[in-house]
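> Just passing along the structure, written as structure tokens.
The values are calculated or read from the model by the stated rules, or taken from the named source; none is laboratory data. Not measured: the values here are computed from a predicted model. Don't worry about glycine lacking a Cβ; one is built from the backbone with ideal geometry, like all the others, and counts go over all protein chains shown. Accessible surface areas use protein heavy atoms only, side chains included; no ligands, DNA or RNA. Shrake-Rupley method; radii C 1.70, N 1.55, O 1.52, S 1.80 Å.
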Amino acid sequence: MVITRHLLFIFVILTGCAEHNSSANEVIEVNPIERQKMYLAQERAQIEAYIVSHELDGIQRNGFGMFELGIIEGEGKTAKFGDHIIYSATVYLLNDSGIGQYTDTVELGRSEMETGLHESLKGMQEGEMKLVLIPSFLAHGIAGDLDRIPPQSPMRYDIRLIQVGRY
């Protein structure tokens, strides 16, 4: 009888430990859509904190989730998709580290560049300059550029539209 009690006691302890260990190793499943919503909310808060810390008064959110602030008004042709444009850009991460400065010629809406940059250049006039904050999903996306831009990084672009050509 004493042996039976001891065996029962040992069985209860081992069973309790086994259940406890399995629950400690369980992976908590998060709905991918909810995870993305949480990330987007976190990124938007990061962009909004950047706006406040850099005192970007007058910056406006557009329909794509980007924030734009006009610096210099343009006077020339207005860029639209299909136009061949020349523009210059200075690019930063939101920690203010510079990524680069360049001038490029592209066919607006059809060239391989960030979607957010296409949308920002569309509607600009020759000579116009603006600051644009682009969320990661419209910039370099989930992977970054595998060099200087980390994964899922919102970006700041200071862009100037130099010339619009229609063919």
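> From 117, 131, which residue is in a strand (DSSP E or B), of a type in the set (A, V, I, L, M, F, W, C) and either open to solvent by 10 Å² or more (accessible area, probe 1.4 Å) or touching a residue at least 12 places away in the same chain (Cβ under 8 Å) (or both)?
Being in a strand (DSSP E or B), of a type in the set (A, V, I, L, M, F, W, C) and either open to solvent by 10 Å² or more (accessible area, probe 1.4 Å) or touching a residue at least 12 places away in the same chain (Cβ under 8 Å) (or both) holds for just one of 117, 131, which is 131.
> Also, I was wondering about something else. Being β-branched (Val, Ile, Thr) and open to solvent by less than 20 Å² (accessible area, probe 1.4 Å) is the filter here; which residues of the stretch 55-95 pass it?
First, pick out the residues of the stretch 55-95 that are β-branched (Val, Ile, Thr): 59, 71-72, 78, 85-86, 90-91.
Within the stretch 55-95, 85, 91 meet the criteria.
> Tell me, yes or no, whether the stretch 110-120 has at least one residue that is over 29 Å from residue 37 (Cβ atoms), within 22 Å of the chain's Cα centre (by Cα) and among the charged types (D, E, K, R).
Taking the stretch 110-120 first, the residues over 29 Å from residue 37 (Cβ atoms) are 110-111.
Then drop every residue that is not within 22 Å of the chain's Cα centre (by Cα), which leaves 110-111.
Add one more test, that the residue is among the charged types (D, E, K, R), and what stays is 110.
Looking for residues that are over 29 Å from residue 37 (Cβ atoms), within 22 Å of the chain's Cα centre (by Cα) and among the charged types (D, E, K, R), one finds at least one in the stretch 110-120, hence yes.
> Please name all residue pairs, on different chains or six or more residues apart, with Cβ atoms under 9 Å, provided the first residue is in the stretch 32-52 and is open to solvent by 60 Å² or more (accessible area, probe 1.4 Å) and the second residue is among the small types (Gly, Ala, Ser).
Matching pairs, first to second residue: 40/65; 44/65.
> Within the stretch 40-50, is there a residue that is within 20 Å of the chain's Cα centre (by Cα), of a type in the set (Asp, Glu) and either modelled with pLDDT of 80 or more or more than 28 Å from residue 96 (Cβ to Cβ) (or both)? Break it down into steps so the answer makes sense when it comes.
Filtering the stretch 40-50 for residues within 20 Å of the chain's Cα centre (by Cα) gives 40-50.
From what is left, the residues that are of a type in the set (Asp, Glu) are 43, 48.
With the extra rule that they be either modelled with pLDDT of 80 or more or more than 28 Å from residue 96 (Cβ to Cβ) (or both), the set shrinks to 43, 48.
Taking every residue of the stretch 40-50 in turn, at least one turns out to be within 20 Å of the chain's Cα centre (by Cα), of a type in the set (Asp, Glu) and either modelled with pLDDT of 80 or more or more than 28 Å from residue 96 (Cβ to Cβ) (or both).
> Yes or no: residue 143 under 13 Å from the mean Cα position of the chain (by Cα) and open to solvent by 40 Å² or more (accessible area, probe 1.4 Å)?
On the way: under 13 Å from the mean Cα position of the chain (by Cα): yes; open to solvent by 40 Å² or more (accessible area, probe 1.4 Å): yes.
For residue 143, the condition - under 13 Å from the mean Cα position of the chain (by Cα) and open to solvent by 40 Å² or more (accessible area, probe 1.4 Å) - is met.
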